[in-house]
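Before any comments, here is the structure.
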Amino acid sequence: MLSDADVDNKIPTQGLRYADASDSEYYILLTKDKKPICRTRCLNPPEHLPHHWNVNDIVPTSKIILDGMSHCFLSPAPECSRDHNEWRRFLIYLQGRDMVAIAKFKFWEFYILPPDQTSNFTNIRVAYKMEKTRNASNGRGHGESGRSCQVVRPTATKANINDSPTLPVNIVKETVSRGNACIQAGPLEKNFVRADPSYLQTLGQAHSGWIFGAIAELVDNSRDAKATKLEISIESIYFKKAGKDIPMLSIIDDGHGMTHQDVVRMTYFGHKQPDADDPNRIGRFGVGFKTGAMRLGKDALVLTQTADSRSIAFLSQSLNQGKDNLEIPIVSYYRKGQFMELDTVVQSEATAKYNLKSIKEFSPFNKYLIGEKAGLFQDKCTGTQIYIWNLDQWGSNYCLEWDNGLNGGSSFHQGDILIRSRRIRSRPGQISQKVPLDYSLRSYLEVIFLVPRMKIYVQGSLVRSRPLAKSLNKTCVETGTIMGKSAHLTLGRCQLEWEQMNCGIFLYWHGRLIEVSFQFVI
């Protein structure tokens, strides 16, 4: 096993370790598509050697020109029989097809060569090269003295890299000509965005006009995860830090769940939009979970499970209060037989322990409650559970109020979650106040999707969907193109709204209701 002196993480999540000239051997984690192959040992590492190699491509040997490249050697250092088997399978694949595995990282390119037929797979030759540094002046001009600017890369040691975890990988120093003297500039560093914890409050203002819009963001995520069942409820739970029972909103689905990488991406503040316009996908910008959760409450915990992994993420204003930078604890596990083991490929044991401690300190979730909620996944079921507490308040009570309804699943009085203020959303020309979807979550969810694909439960009772096209009579459909995209207009009349003297437009995007405009019928 690796000692603390060898590695702190198998794959570092913040800083990267490098070999220096004094290393006679160095441990490297070899992965393919971010999945571990085997821990290896480099017997003659070059300087600044990355600690983690991910194979990006595998190409025929005939396509690689190795002339002039330096070489080092990898030998297996497996931690278990699984690593040993994966190492042999990987090399047998390269050997049998005469292929070269390529791993690229920043300025490095590594070429893992196929072993010869007599090899016992213990020492594998690796060709490597480092991208040449560019001239700092890019070839455009010189100083007055005629000396050109140059860029040199300082030797980085494990000590100074680890002491500055925020130090960027590409550290360069410039020698700039000024007059007859050359002045050495400081390190050239990349600028990365920092997120102040107060930004979470800012995100919560996205749905300030209507709180059900925040819940809809979380419903969208379950729909995109191909869930067939979604349960939304508010229940009381004891919170030791508050010393009393508090209400907690839960959104639980049976979708495909999220891997560790998916959870990390979910906590990013936005992501690249997909190139293709998928008509079956609602989420696009990567902000829905954050804006929705932070509008509903100050703290949110996500428990998600795939067939092979389980992760816990904690997005919390309480945890980050008074801090200079936003901290989002994440703990991930991988499936080993019938059990979930701590995944030390994506985090160190110390990091996981610290994150779990933070979650237990600032949330109602102790190890027993986490185990109880994880038990909802049963054997190998997948899905995502979101829990939100420190709910938003209005006046002397919470913005939301909840009613469990009658026992026995009676259709006479079903449970519901309501907007407590009963304030009607501002709609130009609206006079009637009998618009339940403005204040009843159940009524809103009845029409949220043009084509319902999952069963939704509110406070334990099933929401009876009312697909708009089926709730109208005397309908006709018009199709056309708006800004290069097809649009469908269904015209008809809903008898219930007609009797309440309401008329208006329901606007759907990708099959999801995004706006309703009611007008008073004259």
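The values are calculated or read from the model by the stated rules, or taken from the named source; none is laboratory data. All of these numbers come straight from a predicted model, not from anything done at the bench. Glycine gets a Cβ as well: all are built from the backbone with ideal geometry, and neighbour counts include every protein chain shown. What goes into the accessible areas is simple: the full protein's heavy atoms, side chains included, and nothing from ligands, DNA or RNA. Shrake-Rupley method; radii C 1.70, N 1.55, O 1.52, S 1.80 Å.
Karplus-derived 3J(HN,Hα) values for the stretch 199-216, using 6.51 cos²θ - 1.76 cosθ + 1.60 with θ = phi - 60°, are 5, 5, 5, 4, 4, x, 7, 4, 10, 5, x, 7, 5, 5, x, 5, 5, 4 Hz; glycine and proline are entered as x. Among the listed pairs LYS226/LYS455; LYS241/LYS298; LYS229/LYS470; LYS323/LYS357; LYS240/LYS360; LYS35/LYS290, those with a Cα-Cα distance over 19 Å are LYS229/LYS470; LYS35/LYS290. Rounded to the nearest whole Hz, the Karplus-based 3J(HN,Hα) values (6.51 cos²θ - 1.76 cosθ + 1.60, θ = phi - 60°) of the stretch 478-483 follow the sequence 10, 10, x, 10, 10, 6, with x at glycine and proline. Rolling a 1.4 Å probe over the protein chains gives THR304 an accessible area of about 0 Å².
Accessible area of HIS510 (1.4 Å probe, protein heavy atoms only, ligands and nucleic acids ignored): about 40 Å². For the stretch 26-130, the dipole from Cβ point charges (+1 on Lys and Arg, -1 on Asp and Glu) about the Cα centre works out to 240 debye, to the nearest 20.
Remark: accessible surface ordering of TYR199, TYR354 (largest first) is TYR354, TYR199, probe radius 1.4 Å.
Packing around the peptides 336-343, 310-317, 220-227, taken as the average count of other Cβ atoms within 10 Å per residue, puts them in this order, highest first: 310-317, 220-227, 336-343.
Between TYR398 and THR202, the modelled label-to-label distance comes to 2.8 nm, taking each label 7 Å out from Cα in the direction of the beta carbon. Look at the alpha carbon pairs under 8 Å that are at least 6 residues apart: their mean separation over the length of the stretch 197-391 gives a relative contact order of 29 percent. With every protein chain left in place, what is the accessible area of TRP394 in Å² (1.4 Å probe, nearest 10)? The value for TRP394 is about 90 Å².
Couplings 3J(HN,Hα) for the stretch 442-458, derived from phi with the Karplus relation 6.51 cos²θ - 1.76 cosθ + 1.60 (θ = phi - 60°), are 4, 5, 5, 5, 5, 10, 5, 10, 5, 10, x, 10, 8, 7, 10, 10, 10 Hz, where x marks Gly and Pro. Amide H contacts for TYR508 (H built 1.01 Å from N in the peptide plane; partners 5 or more residues away or on another chain; cut-off under 5 Å): ILE514. Segment ALA350..PHE105, full-extension length gain: 85.6 nm, with 0.36 nm per residue of separation and the alpha-carbon distance subtracted. Net length available on complete extension from ARG41 to VAL477 is 150.3 nm, with 0.36 nm assigned per residue and the Cα-Cα distance removed.
Scanning residues 5 or more positions from TYR27 or on other chains, those with amide H under 5 Å from its amide H are CYS42, with H placed 1.01 Å from N in the peptide plane.
Taking amide H atoms as placed 1.01 Å from N in the peptide plane, the amide H of PHE239 lies under 5 Å from those of LYS244, ASP245, ILE246, each 5 or more residues away in sequence or on another chain.
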